[in-house]
Structures are given as C-alpha cells and as structure tokens.
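Please read the structure below before turning to the comments.
Readers should treat all values here as calculations from the given coordinates under stated rules, not as data from a laboratory. Because the structure is predicted, anything quoted here is derived from the model rather than measured. FYI the Cβ positions are ideal-geometry reconstructions off the backbone, even for glycines, and counts take in every protein chain you see.
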Amino acid sequence: MSSFYEFAERVCVDIGKTIQSELSKRSFIERLGFAMFMPLAINIKTEEGSGSLLILNDGTVKFEKRCSSVPDITLQSSLQTLASLYDSRRPAEFLQAEKQGKIKIVSHNFKGQQAERKLRELSGGCV
C-alpha cells in the first residue's frame, strides 16, 4: 500500500471520529439537517495517488481508491504538503499553502461549499 492510501485511510478514520463525536452532541433535528447534505464526495488528488472520501448519511466515512465522477469538493496537492498540513493543523500554514498554490480546494456545488466551510472548521483549517 502506498503512502497516499495509508494517509487517506488515516484521514478517513480521523474525520469519521470527529463527525460521530459532533453528531452525538447534536439534537435529532440537527442530525437530520446534517443528513440532508449527505452523501458527500471529496476527491483527493496527489502525485502518489487519488481517490474519494465519502461521508455517508449516518456520518460514517469511507475511502474509495477511485475518484467520484460527481464530487462535491476536489482537493489537489502534493502528498507531502497535504500530510504536513493535516498533521500540523495550523490554519495560518494552510492559508499560506493555498496562497502559494501548493494546495487547491474546489467546491463544485452549494453542498460542497457548505461542507468545505464545516470541514475547515472541524479540522482547524487544514482541509
């Protein structure tokens, strides 16, 4: 298994735990609101590999080794940059990497825009 797929699986587990924790603190109505925006497909593309992180209606997260044909968000970066930003979770570094063109996030629809905002909030700006 390549470094990319190991990284993607780690991110999948981390985000899944964060989402489940957040949902457990929410009311039934808030959880229904969350489910309305799911499933969510986030394509991740690096020089070492690509795939799709899927967040499902119940908040579970899975990784597929192929990119979604209809992603809500596409994240593109080198694996080294992506892993470094994810591990440090420093919003200022993330914003600097975006300004330098080292990482690019594209939201393809309204659902993607809303999810991008929430994912940035939950990850300390590192998604």
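Remark on residue 51: its backbone amide H falls under 5 Å from those of 44, a criterion applied only to residues 5 or more positions apart or on other chains, H modelled at 1.01 Å from N.
Its Cα gyration tensor gives the chain an equivalent ellipsoid, and the semi-axes of that ellipsoid, as √(5λ) in whole Å with the largest first, are 23, 16, 14. Rounded to the nearest Hz, the phi-derived 3J(HN,Hα) couplings of segment 67-73 under the Karplus curve 6.51 cos²θ - 1.76 cosθ + 1.60 (θ = phi - 60°) are 6, 5, 7, 9, x, 8, 9, where x marks glycine and proline. In a simple Cβ point-charge model (Lys, Arg +1; Asp, Glu -1; nothing else charged), the chain has a dipole of about 240 debye relative to its Cα centre. Mean residue ellipticity at 222 nm, helices only, the chain: -15500 deg cm²/dmol; runs of at least 4 DSSP H residues each add -39,500 (n - 2.57), and the sum is divided by the number of residues. Other residues within the sphere of radius under 13 Å centred on the Cβ of residue 111, judged by their own Cβ, net out at 0 (K and R +1, D and E -1).
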